[in-house]
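Have a look at the structure below, then the notes.
The values are calculated or read from the model by the stated rules, or taken from the named source; none is laboratory data. The structure displayed is predicted, hence computed values, not measured ones. Reconstructed Cβ throughout: ideal geometry from the backbone, glycine too, with neighbour counts over all protein chains shown. For the accessible areas, the whole protein counts, side chains as well, though only heavy atoms, and no ligand, DNA or RNA atoms are used. Shrake-Rupley method; radii C 1.70, N 1.55, O 1.52, S 1.80 Å.
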Amino acid sequence: MNISNSVFEQIKGKLIVSCQALEEEPLHSSFIMGKMAYAAMLGGASGIRANSVEDIREIKATVNLPIIGIIKKVYEGSDVFITPTIEEIDLLYKEGVDIIALDATRRIRPDGKTINEVFPLIKEKYKDQLFMADCSTYEEAQTAYQLGFDCVGTTLSGYTEYTKGIKLPDVGLIDRLVRELPIPIIAEGGIWTPEDLKCAFDLGVHTAVVGTAITRPMEITKRFISAIS
């Protein structure tokens, strides 16, 4: 069994938990994210999605699970911030993550290019690395598949200018991707309840990522407060 098959077998039909906290959030700390990942593992998670080399390093020292690595970085003049340039990919590759995820939307990247222009160069440079396409539409996912991404996520549905307002999780997109693309489909984005998660798996996704609903207590609290406001 090759490396890619091994990783995808480990996470098939299982839950991936996203353990992230941005600088402005109370839980921003690699130590805390390591503990969060450990708690997720004890709860039954079979993979972790993590942001930044520092967090990934701490998580790798804490749990022995497949990691989807990203680096969020904002560049002036571009809306692409999930692993936006080759610089972030270089850092993730050197740190060693099972899958590198990056924005694969049609939006212009910080270097002025599109995913169609940059990904062939990325794939050529890192032939032994698995890549996940964070997409917001079917067309973007189709393009990602044609470009050679190893898996596709619905991560950015509802988060691009042209998909704002879409009800999440984007069940329609998940369903179509599962039916029409022959690579692993990862449901991600807006999965708030166990019922949402079960729905995604009933549609046939390979795996699913849950983040905010498990690992961001400030946002979870806000949802409860909104129910009584």
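Listed conditions (1) part of a loop (DSSP other than H, G, I, E, B); (2) touching a Ser or Thr at 6+ places or on another chain (Cβ under 8 Å); (3) touching a residue at least 40 places away in the same chain (Cβ under 8 Å) are all met by I186, apart from (1). Checking T163, T221 one by one, the residue that is hydroxyl-bearing (S, T, Y), open to solvent by 20 Å² or more (accessible area, probe 1.4 Å) and not in a strand (DSSP E or B) is T221 and no other.
If I ask for residues that are open to solvent by less than 10 Å² (accessible area, probe 1.4 Å) and among the aliphatic types (A, V, I, L, M), which ones from the range 64-81 would you list?
Hits for the range 64-81 are I67, I68, I70, V80.
So, in the range 189-205, how many residues would count as being assigned to a loop (DSSP other than H, G, I, E, B) and either surrounded by 19 or more Cβ atoms within 10 Å (Cβ to Cβ) or small (G, A, S) (or both)?
First pass over the range 189-205, keeping only residues assigned to a loop (DSSP other than H, G, I, E, B): 189-193, 204-205.
Checking the rest, the ones that are also either surrounded by 19 or more Cβ atoms within 10 Å (Cβ to Cβ) or small (G, A, S) (or both) come to 189-191, 204-205.
Final tally of qualifying residues: 5.
Residue pairs whose Cβ atoms lie under 8 Å apart, separated by 6 or more positions or on different chains, with the first residue in the range 32-59 and among the aromatic types (F, W, Y) and the second open to solvent by 20 Å² or more (accessible area, probe 1.4 Å) and not in a loop (DSSP other than H, G, I, E, B), are Y38/T62.
Could you list, in sequence order, all residues of the range 13-26 that are more than 16 Å from V210 (Cβ to Cβ) and touching a residue at least 40 places away in the same chain (Cβ under 8 Å)? Talk me through it step by step, then tell me what you get.
Restricting attention to the range 13-26, the residues satisfying the condition of being more than 16 Å from V210 (Cβ to Cβ) are 22-26.
Matches in the range 13-26: L22, E25, P26.
Are any residues in the range 1-52 in a loop (DSSP other than H, G, I, E, B), aliphatic (A, V, I, L, M) and exposed (fewer than 14 other Cβ atoms within 10 Å of the Cβ), and if so, which ones? It would help to see each step written out before you state the result.
Filtering the range 1-52 down to residues in a loop (DSSP other than H, G, I, E, B) leaves 1-2, 12-14, 20-29, 44-46, 52.
Retained after the next criterion (residues that are aliphatic (A, V, I, L, M)): 1, 21-22, 27, 45.
Of everything in the range 1-52, those that are in a loop (DSSP other than H, G, I, E, B), aliphatic (A, V, I, L, M) and exposed (fewer than 14 other Cβ atoms within 10 Å of the Cβ) turn out to be M1, L22.
A search for C-beta distances below 9 Å between a residue of the range 196-216 that is more than 13 Å from T155 (Cβ to Cβ) and any residue that is among the aromatic types (F, W, Y), counting only pairs 6+ apart in sequence or on different chains, returns H206/F8; A213/W192.
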